[in-house]
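Structure first, then comments.
The values are calculated or read from the model by the stated rules, or taken from the named source; none is laboratory data. Just so we're clear, the structure is a prediction, and the values are computed from it rather than from any experiment. We place every Cβ from the backbone using ideal geometry, glycine too, and count neighbours over all the protein chains shown. In case anyone asks, the SASA skips ligands and DNA or RNA and just uses the protein heavy atoms, side chains included. Shrake-Rupley method; radii C 1.70, N 1.55, O 1.52, S 1.80 Å.
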Amino acid sequence: MNVYEAATKRRSIRRFQDKPVPYEVLEKCIDAARLAPSGRNHQVVEYIVVNETKVLATVFENIGGSAKLPPEKGGPRPDQSPKAYTIVLINKALEGDASRRRITLYDVGLAAENIILVGLEQGLGSCPILMFNEANLKPALKIPEEYDIALVIAMGYPDEAPVTETATTSLDIYVDGKGVRHVPKRKLADIMHSNRFA
Ligand SMILES: Cc1cc2nc3c(=O)[nH]c(=O)nc-3n(C[C@H](O)[C@H](O)[C@H](O)COP(=O)(O)O)c2cc1C
């Protein structure tokens, strides 16, 4: 799979096979994140990888959004819940001044995409999740006070194949009668400008 294929074929996956994700697969993803671009090269982002059954259940209890919808609305059946997570952390001591948070969030986004794409190359599907309960997750995962959780990435071997569509009016994702998720994307000509805006 080349980079263009990975970037264009990737869709967020919210239903996963009942198959464990080996630690080495996750380690390779995090190694790619380690080498992602970083504002001023401050490298304030750290990671917890989760693949133990008990910890998976704890994280699942503390996420929300489409990843937790009932199965008829596109969420996972109990056996299709994520089989791994990457918890993306911000080391506030390294970050220093809180005004650097804007730069930090670019680091988080760029590192997250490396994780997602290197996961995809190894057969994993992923879904970035911003709807999580940080107050519960921090003590449950023994995360020290001087860290914030920036993002949770749900991962596992896909048990769904979402379809990409050209957006017409709505940008809302929907699940059809056969359980297939449809993801409208804006046309290239509508978002790309050549040399000047108009
Ligand atoms: C910053 C960010 C936060 C997101 N948070 C959630 C979330 O909490 N729950 C969820 O199910 N999906 C979440 N997503 C996934 C988006 O819904 C998804 O990327 C979008 O619908 C486009 O679909 P695609 O990723 O398949 O292209 C998030 C994506 C991003 C970039």
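Observations, loosely collected:
- Pair list, Cβ under 6 Å, 6 or more apart: region 116-141 residue without any contact (Cβ under 8 Å) to a residue 60 or more places away in the chain, other residue of a type in the set (A, V, I, L, M) and within 13 Å of the ligand (Cβ to nearest atom): Glu134/Ile149
- Index of the failed condition, Ala33 passing every other in (1) within 16 Å of the ligand (Cβ to nearest atom); (2) assigned to a loop (DSSP other than H, G, I, E, B): (2)
- The single residue among Tyr47, Tyr23 that is more than 15 Å from the ligand (Cβ to nearest atom), in contact with a Lys or Arg (Cβ under 9 Å, 6 or more places away or on another chain) and modelled with pLDDT of 95 or more turns out to be Tyr47.
- Residues satisfying the stated conditions in region 136-177, i.e. open to solvent by 40 Å² or more (accessible area, probe 1.4 Å), within 16 Å of the ligand (Cβ to nearest atom) and more than 30 Å from Asp190 (Cα to Cα): Asn136, Pro158, Asp159
To keep it simple, each residue is scored yes or no on (1) assigned to a loop (DSSP other than H, G, I, E, B); (2) out of contact with any strand residue (DSSP E or B) (no Cβ under 6 Å at 6 or more places or on another chain); (3) surrounded by 15 or more Cβ atoms within 10 Å (Cβ to Cβ); (4) not assigned by TED's automatic domain parsing to the domain that holds Leu35.
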site	(1), (2), (3), (4)
Glu72	no, yes, no, no
Ile87	no, no, yes, no
Ala93	no, yes, no, no
Arg100	no, yes, yes, no
Leu110	no, yes, yes, no
Leu117	no, yes, yes, no
Gly123	yes, yes, no, no
